[in-house]
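Q: Got a structure here, written out as structure tokens. Questions coming.
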Amino acid sequence: MEKDIRFKRAEFAAMVGVVGNIALAAMKWGIGIYANSKALVADAVHSASDVAGSLAVYFGLKAAKQPPDKDHPYGHGKAESIAAIIVGVLLLLVGIEIGRSSIKAFFEPIEPPKTIAILAVIVSIIVKEGMFRYKYRLGKKLKSDALIVNAFEHRSDVYSSIAALIGISAAVAGGMLGLDWLVYADPVTGLLVALFVIKMAWKLGRESIHNAIDHVLHEDETEEFRTVVQSIPEVKKLDELHAREHGHYVIIDLKISVDPHITVEKGHSIGKNVKKRLLEMKNVQNVFVHINPYHEERRYEDNLQIE
């Protein structure tokens, strides 16, 4: 039930992003064309990419909530990380296109943008910052890579809109004051936005790929798991523990040593107790326990897996 609630909240957040970005992209594109602002059109393209990003997150979440099956015994949690990678690639392509369009503007006749472009950017900044805060907090609470990446996509739009606001304002002022060179602040800002978007795409894509290739938690991040295992009296020694991230949940593989003189059934019972205790912890999806006979002077490599 708790997992169902998690996915419903995450999917709702993704759809909020889709609807909000469609509205913002349409507004900025229309006003950007009308107001003759390269920076605002570039910002509109950025928002349009967020629509695709939010849709990728939505379908990634739908896939991630599917239960384990024969082909995917560890579940589908990594679908969220894959969705995050898709968002990163989309951002990269958008950044390149914005940069190309802005550079092209330097070789064409240019006129100062209309004042209404400034109002459109201010509205975008307010809406996008609100969407960032909402998705980032929810993503952290639900431990969703896809939502967190999507949140930073909104934050990148905030920064690009702030840059656009400065450039558009400078270009408008240049037109009013008759300073022709200042009018080029608009395409210059479009180019800066493109560089920022490309940098953001690299950062988010790198983090998502890191999580997608069986990233294991560092020792300090698994301390809570180790404490639980070592608190069980029958566990003589915790030999090894690896906690792998699969999207929003964790799968744990561990080896423990027990009294070598107990029965197989007793050892199996100890392993099941360890597994039960770990599964009670938040975000732990599955646990695989291996039993070793405890000896102070030698270590056994043969293990008994507890199903």
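Q: Checking the condition touching a His at 6+ places or on another chain (Cβ under 8 Å), assigned by TED's automatic domain parsing to the domain that holds Ser37 and at positive phi, which residue from Lys128, Lys135, Lys143 passes? Please lay out each step first, then the result.
A: Numbers: Lys128 fails: at positive phi; Lys135 fails: at positive phi.
So the residue among Lys128, Lys135, Lys143 that is touching a His at 6+ places or on another chain (Cβ under 8 Å), assigned by TED's automatic domain parsing to the domain that holds Ser37 and at positive phi is Lys143.
Q: Looking at Arg277, Arg244, which one is within 36 Å of the chain's Cα centre (by Cα) and at pLDDT 90 or above? Walk me through it before giving the result.
A: On the way: Arg244 fails: at pLDDT 90 or above.
Checking each option against the conditions leaves just Arg277.
Conditions (1) within 21 Å of Gly95 (Cβ to Cβ); (2) of a type outside the set (S, T, N, Q); (3) at pLDDT below 80, marked per residue:
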{"position": "Leu24", "(1), (2), (3)": "yes, yes, no"}
{"position": "Ile31", "(1), (2), (3)": "no, yes, no"}
{"position": "Asn36", "(1), (2), (3)": "no, no, no"}
{"position": "Asp43", "(1), (2), (3)": "yes, yes, yes"}
{"position": "Phe59", "(1), (2), (3)": "no, yes, yes"}
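The values are calculated or read from the model by the stated rules, or taken from the named source; none is laboratory data. All of these numbers come straight from a predicted model, not from anything done at the bench. Every residue, glycine among them, receives a Cβ derived from its backbone with ideal geometry; neighbour counts consider all protein chains shown.
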